[in-house]
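This report concerns only the one structure given below.
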Amino acid sequence: MIIYKKTGELAKWLEKQRSARQTIGFVPTMGALHEGHISLIDISKRSTGLTVCSLFVNPTQFNDPKDFQKYPVTLEKDIPMLEKAGVDVVFLPEVIEMYPDGTRGLETYDLGPLETLLEGKFRPGHFQGVCQVMRRLLEKVRPDQLFMGSKDYQQCMVVQRLLEIIGLPTVLHRCPIIRETDGLAMSSRNLRLTPEQRANATAIYRALMLMKTGFTAEPFPILIENANRILEAAGFRVDYVSIADANSLEPVPGPSPSGTVALVAAFQGDIRLIDNMVLAEPSIS
Ligand code: AMP
């Protein structure tokens, strides 16, 4: 496994691989790795010739500076995990490498309603930051295929839109959510939960399952109300519980022909967790 910190060296190596007709898979991460990240690497390894994984805690996507400061960094654990997973190249840039002219006054992207719905609404500027870092990473790695987790459902939609805006032919794969045995979606932020908060956190999965099992029997507003109740009883401060069209993320009053998804964002203490579950696949193609 090769570790590059500088774009020039990474680009030179990747160019050599491209001329040898290797296909390149890319898994971008912010480190503090867990089995969810490793599942993306596994899928990339099965689908492409080479797998590049980046570790970069991107300052421009944190709308809350405290969240950025407290974001876990576990590099000494991450590197052996990547080695074991069989990653070919790790890209480990410093902030200056990604933003040589600083992080202020950066370009913006027209993301349409994605910017104001759900995560867009509750984390103003977050998706602009995601696009700023993803554009830089994508232009440096120029992968054939990109592997991202559907745990960050709206982020996948934003990155798909970014690929269209910048006109890259990279194919985005939305990979399944990996969960702990009690249903909690794996997340780097789980590391910050106290044992009590960790026990409470399973309420998110219970709320999502309630919406899934009640999908055909109960009106959506009742499902949302009951999900909120489960979360609040477990001490969560809820940003949103939404049942939405799987393609637009607009809230829907009943099943949507293009698929229906339930999405949750809520705080345990100062730790914000998100999760989602597809309630119904599209009924039209
Ligand atoms: P992060 O390091 O949180 O930015 O995540 C890097 C990538 O891993 C993103 O594409 C996430 O959606 C994905 N990811 C995070 N948690 C999970 C999970 N539990 N299952 C699958 N993918 C995940």
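We did not get these values from a lab; they are worked out from the coordinates using the rules stated. What you see is a predicted model; the values in this text were computed from it and never measured. As a convention, Cβ positions derive from the backbone with ideal geometry for all residues, glycine included, and neighbour counts pool all protein chains shown.
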Exercise. Describe numerically, in nm with one decimal, the distance between label points set 7 Å from Cα along Cα→Cβ at LYS6 and at GLU196.
Key: 5.1
Exercise. Any chance you could give the angle, 0 to 90 degrees and rounded to 10, that helix 35-47 forms with the longest Cα principal axis of the chain?
Key: 60
Exercise. Pick out, from HIS173, THR108, CYS53, the residue whose Cα sits farthest towards the positive end of the charge dipole of the chain, with +1 on the Cβ of Lys and Arg and -1 on the Cβ of Asp and Glu.
Key: CYS53
Quiz item: Once you charge only the Cβ atoms, +1 for Lys and Arg and -1 for Asp and Glu, what is the size of the charge dipole of the stretch 143-264 about its Cα centre, to the nearest 20 debye?
Solution: 280
Practice problem: Under 1.5 on a/c is rounded, so check that first for the stretch 34-159, then, if it is not, pick prolate when a/b is larger than b/c and oblate when it is not; a ≥ b ≥ c are the square roots of the alpha carbon gyration tensor eigenvalues. | Solution: prolate
Self-check item: Intensity falloff of the stretch 133-241 expressed as log10 I(q)/I(0), Debye formula with alpha-carbon point scatterers, at q = 0.16, 0.18, 0.21 Å⁻¹
Solution: -0.87, -0.96, -1.08
Quiz item: Looking at the chain, what % of the alpha carbon pairs are farther apart than 28 Å?
Solution: 38
Self-check item: the stretch 1-92 - Rg (one decimal) and Dmax (whole number), Cα, Å
Solution: 14.0, 45
Quiz item: In whole Å, how far is the Cα centre of the stretch 191-264 from that of the stretch 1-53?
Solution: 34
